[in-house]
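Report on one structure; see the data block that follows.
The values are calculated or read from the model by the stated rules, or taken from the named source; none is laboratory data. What you see is a predicted model, and the numbers here were worked out from it, not measured in a lab. Cβ placement follows ideal geometry from the backbone for every residue including glycine, while neighbour counts extend to all protein chains displayed. These area figures cover heavy atoms from the full protein model, side chains too; ligands, DNA and RNA do not enter into them. Shrake-Rupley method; radii C 1.70, N 1.55, O 1.52, S 1.80 Å.
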Amino acid sequence: PRQAAKTLWYDRPRYVYLEFCVEDSTDVKVVIEDHRLVFSCKNADGVEFYNEINLYARVNSKDSREKRSDRSITCFMRKWKEKVAWPRITKENIKPAWLSVDFDNWRDWEGDEEVERAMVEQYAEV
């Protein structure tokens, strides 16, 4: 049986970030479409994880990436309309039990663009 991975998300002026918290993931698949993200993987115990998110707004799927670490898989998706805040990540106004806001990374946007650019560049080098 598949289960949903615990997921954190946060909003930035140009990108939306999602972190799927699965340790030692294998078979990671991330499909980012303009209005949808589908994530799947297995963990070390062979448990299958699957998350599907209908996105709040359109993203530029061509300028979206993911990065895997031992602890999680982070996806960042370029917003189609930049500098428009997303009040939530899901199209539907419901909050799945597995989804939370990443308050550690959630900040006011004032003067945040330089920080964001640095973050994206850091991901791009991986």
Any idea how far apart Glu121 and Ala97 come out in nm if each label point goes 7 Å out from Cα toward Cβ? 4.3
Expressed in nm to one decimal, what extension gain is obtained for the pair Asp63 and Glu23 from 0.36 nm per residue of sequence separation less their Cα-Cα distance? 11.8 nm
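Heavy atoms only, 1.4 Å probe, whole protein assembly: order Arg71, Arg14, Arg65 by accessible area, highest first. All intermediate terms of the calculation are to be shown ahead of the outcome.
Working: Arg71 165, Arg14 35, Arg65 95 Å².
The ranking, largest first, comes out as Arg71, Arg65, Arg14.
Using a 1.4 angstrom probe with every protein chain in place, what is the largest-first accessible-area order of Trp9, Trp98, Trp106, Trp80?
On the way: Trp9 10, Trp98 60, Trp106 90, Trp80 130 Å².
Accessible-area ranking of Trp9, Trp98, Trp106, Trp80, largest first: Trp80, Trp106, Trp98, Trp9.
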As I understand it, the value is the acute angle between the Cα axis of helix 113-124 and the longest principal axis of the Cα atoms of the chain; what does it come to in degrees, rounded to 10? 40
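Over the stretch 7-125, average the accessible area per residue using a 1.4 Å probe and give it in Å², no decimals. Please list the in-between numbers first.
Values: 6720 Å² over 119 residues.
That works out to 57 Å² per residue.
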Given a 1.4 Å probe and every protein chain left where it sits, what share in percent of the accessible area of the stretch 7-125 is carbon and sulfur? 45
Tell me which GluC sites (Glu not before Pro) from the stretch 42-108 have a DSSP coil assignment and no more than 14 other beta carbons within 10 Å of their own. Glu82, Glu92
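With +1 assigned to the C-beta of every Lys and Arg and -1 to the C-beta of every Asp and Glu, and no other charges, what is the dipole magnitude of the chain about the Cα centre in debye, to the nearest 20?
Working: 22 positive and 25 negative charges, 107 e Å.
Dipole magnitude for the chain comes out near 520 debye.
Using a 1.4 angstrom probe on the protein heavy atoms only, line up Asp11, Asp104 by accessible area, largest first.
Details: Asp11 5, Asp104 135 Å².
Final ranking, largest accessible area leading: Asp104, Asp11.
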